[in-house]
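Enquirer: Could you have a look at this structure, given as structure tokens, before my questions?
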Amino acid sequence: MIRHIVLLTFKPNTPQAHIDDVFQELESIKAQLPGMVAISSGKSESPEKMERGFMHGFVADFTDWDALQAYQDHPAHQALGAKLIAATVGGKDGILCFDYEVTD
């Protein structure tokens, strides 16, 4: 399984409703991609306070690297990615992605 972690620094004036819509849109992508097995999203509530501005994020699990690639190539992901770039501080600089293989 591949775990895809994305951390986001939304612009300060981004309405919570917009952030909620983005996360709902992520959920809708899952229904279109059989290789995406799980997704969760939210705002950091860490007592450590080490977010460095990345206050929102999501985690998506994929069956394998090909399924992650299918997600990245999917038109719905491309459209959502453009929305995220427009809504984050510094565009792509406001987005941090980290992918790794989960082994038992």
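Enquirer: Once the dipole of segment 2-101 is set up with Lys and Arg at +1 and Asp and Glu at -1 on Cβ about the Cα centre, which of Val89, Ser40, Gln72 lies farthest towards its positive end?
Expert: So the residue we want is Val89.
Enquirer: So, by mean Cβ neighbours within 10 angstrom, what's the order for 75-88, 51-64 with the highest one leading?
Expert: 51-64, 75-88
Enquirer: Across segment 37-90, how large is the tail of the calculated P(r) beyond 17 Å, expressed as a percent of all Cα pairs?
Expert: In whole percent, the long-distance tail amounts to 53.
Enquirer: So if I place +1 on the C-beta of Lys and Arg and -1 on the C-beta of Asp and Glu, and nothing else carries charge, what would the dipole magnitude of segment 2-101 be about its Cα centre? I want it in debye, nearest 20. List each step's numbers first, then the result.
Expert: Numbers: 8 positive and 14 negative charges, 78 e Å.
So the dipole magnitude of segment 2-101 works out to roughly 380 debye.
Enquirer: When you take every Cα atom in the chain, what is the radius of gyration, and what is Dmax, the widest Cα pair distance, in Å?
Expert: So, for the chain, Rg and Dmax equal 13.5, 42 Å respectively.
Enquirer: Return the calculated 222 nm mean residue ellipticity for the chain, to the nearest 500 deg cm²/dmol, obtained by summing -39500 (n - 2.57) across DSSP H runs with n ≥ 4 and dividing by the residue count.
Expert: Helix contribution divided over all residues of the chain: -12000 deg cm²/dmol.
Enquirer: Sort 11-20, 30-39 by packing, meaning the average of other beta carbons within 10 Å per residue, with the highest value first.
Expert: Descending packing order for the listed peptides: 30-39, 11-20.
Enquirer: For Val37 and Gln78, compute 0.36 nm times the residue count separating them, minus their Cα-Cα distance, and round to one decimal in nm.
Expert: My answer for the length gained is 12.8 nm.
Rule-based calculations on the coordinates, nothing more; no lab input. This structure is a prediction, so every number in the text was calculated from the model and none was measured. Neighbour counts run over all protein chains shown; Cβ positions are idealised from the backbone, glycine included.
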